[in-house]
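Here's the structure we're looking at; comments come further down.
The values are calculated or read from the model by the stated rules, or taken from the named source; none is laboratory data. What you are looking at is a predicted structure, and each value in this text was computed from that prediction instead of being measured. Here the Cβ positions follow ideal geometry from the backbone for every residue, glycine too, while neighbour counts run over all protein chains shown. The protein model used for the area step is the full one, side chains on, heavy atoms only, and it has no ligands, DNA or RNA in it. Shrake-Rupley method; radii C 1.70, N 1.55, O 1.52, S 1.80 Å.
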Amino acid sequence: MKGTTRWSALMALLAAAIGIAVLAGTTGGHAATEAKQPIVIGWAFDAKGQMAPFDNPALAAAQIRIASINAKGGVGGRRLQIKTCDTQNNNPTKAKSCAVSLLGQGAKIIFTTCDVDFATPVVQAAINRGVLAVAPCIGTDQMGPKRFGTKGKLAFSFGNVAQDEGSAMAEYAHRRGWKTAALATNTLLVYFKNVVQAFDKRFRQLGGKVVDRESYATGANNVQSAVTRLNSHKANVIVTSTSFGELPALVSGLRSLGNKTPIINSWAGDGTYWVTNNPKVTNYYCVTYASVFGDDPSTAVKAMISALNRAHAAPATGGFLGGADAIDGVVTAIKRAHGSTKGSALAAQLVKFHRVPVLGGRISFSTKLHTVFGRDYRVIGIQNNKASFKGLVRAKVIPKL
């Protein structure tokens, strides 16, 4: 009787052990399956509207970058996958619907358009669910807590923060020996205004003198008035941050008056798609992410441009790099978070970025600035409508505005 009891007890223990082993094996298999599932990135972008020239190149570069990462095994053995949704010219209702749809399809990270006003419905949908929201090229410090409050801790942009960009422009002006500047502010966007404000402050810190401050606005038909007033002041450099139709109007307006003063612009003035044939654009400079003119100093960047050309997505400006850099940055954050894709875990890693390497160079974030600073900007010069790389410049100080 005692032997039978002992045998029964032994068999019960053995059965329990086998059950535990089977359960552990089943659980482990499930975890392994989960780990191998792709990391889905939802990308809500403007395919054909006014932001398409910025969104499409960034998306194309991101897709090429992801293909390269996946070819090397992905992130911790998991492939990256982009699912897209067209916001149809960033219609607010459609944009929010896109974000909700992408989140419903399992997106762990949401990418959005390159303007913070247009991006807001998408960003809010993501951060309200605890998901990281990323923009490839928003250029203001509003992509973060400043605009979105506490939940904005989950919002980041891989564009260049305007304060950093304007400061870098001032550093370049100082390097060139330009001691006096006339400022021309396009008041349409916060980004435009902040770039010029940052130049103003940093230029004066460096010993420069501002001799004139003018303003104009996209669509207000007042560019020529600003040009006339600018032309009445002598300066070593004219500073602006603008694009759209106001850029060619400003530059050609000054040159038509015989004013040959150097003009320096932000990334907004990158590219040659806007140049006029009469008069031709000369003595013009801008700072940007990368040179798309075949002479970027980085072999990796040149390789990306070649890949974009082969994909029939040739970039008109260096802004495409924000898409590739954002993928690199997110991948680094995932690795540093030990594979987690939780929004708070990724945000906690991103704010620690200090000169972290990405495709285009090295970038930084902080708890206050969720938009990139510390980039080595490419300075592009245009002479007789031909653009070329002129050197690198980095902001040493980020002015407080």
Set Lys and Arg Cβ to +1 and Asp and Glu Cβ to -1, take the dipole of the range 40-136 about its Cα centre, and tell me which of Val123, Ala135, Gly74 lies farthest positive. Gly74
Show which aspartates and glutamates lie in cross-link reach of Lys234 when reach means a straight Cα distance below 19 angstrom and same-chain residues fewer than eight apart are skipped. Asp200, Asp212, Glu214
Among 378-384, 40-46, what's the highest-first ranking by average C-beta atoms within 10 angstrom per residue? 40-46, 378-384
In the Gaussian network model of the chain, springs joining C-alpha atoms below 10 Å, which of Gly322, Gly391, Gly269 carries the largest mean-square fluctuation? Gly391
Taking the Cβ-Cβ separation of Lys400 and Lys352 as r and a Förster radius of 30 Å, what is the calculated FRET efficiency to the nearest 0.05? 0.90
Everything considered on the Cα gyration tensor (a ≥ b ≥ c; rounded for a/c under 1.5, else prolate if a/b is larger than b/c, else oblate), the range 162-234 must be described as oblate
The range 217-222 - phi-based ³J(HN,Hα) in whole Hz, Karplus 6.51/-1.76/1.60, Gly and Pro as x: 8, 4, x, 9, 6, 10
At 1.4 Å probe size, with the rest of the protein present, what percent of the exposed accessible area of the range 159-233 is carbon and sulfur atoms? 45
Within a Gaussian network of the chain (alpha carbon springs, distance under 10 Å), most fluctuating of Gln63, Gln124, Gln50: Gln50
Would you mind counting up the charge near Thr367? Only other residues with Cβ under 11 Å from its Cβ, with Lys and Arg at +1 and Asp and Glu at -1. +3
Residue among Ala61, Thr150, Tyr284 farthest towards the positive dipole end of the chain, charges placed on Cβ: Thr150
Under the rule rounded for a/c under 1.5, else prolate if a/b exceeds b/c, else oblate, using alpha carbon gyration tensor axes a ≥ b ≥ c, the chain is classed as prolate
Under 5 Å from the placed amide H of Ile109, counting only residues 5+ away or on other chains, we find Gly42
Summing -39500 (n - 2.57) over the DSSP H runs of n ≥ 4 in the chain and dividing by its residue number, what mean residue ellipticity at 222 nm do you reach, to the nearest 500 deg cm²/dmol? -13500 deg cm²/dmol
May I ask you to give the solvent-accessible area per residue for the chain, in square angstrom, as obtained with a 1.4 angstrom probe? 43
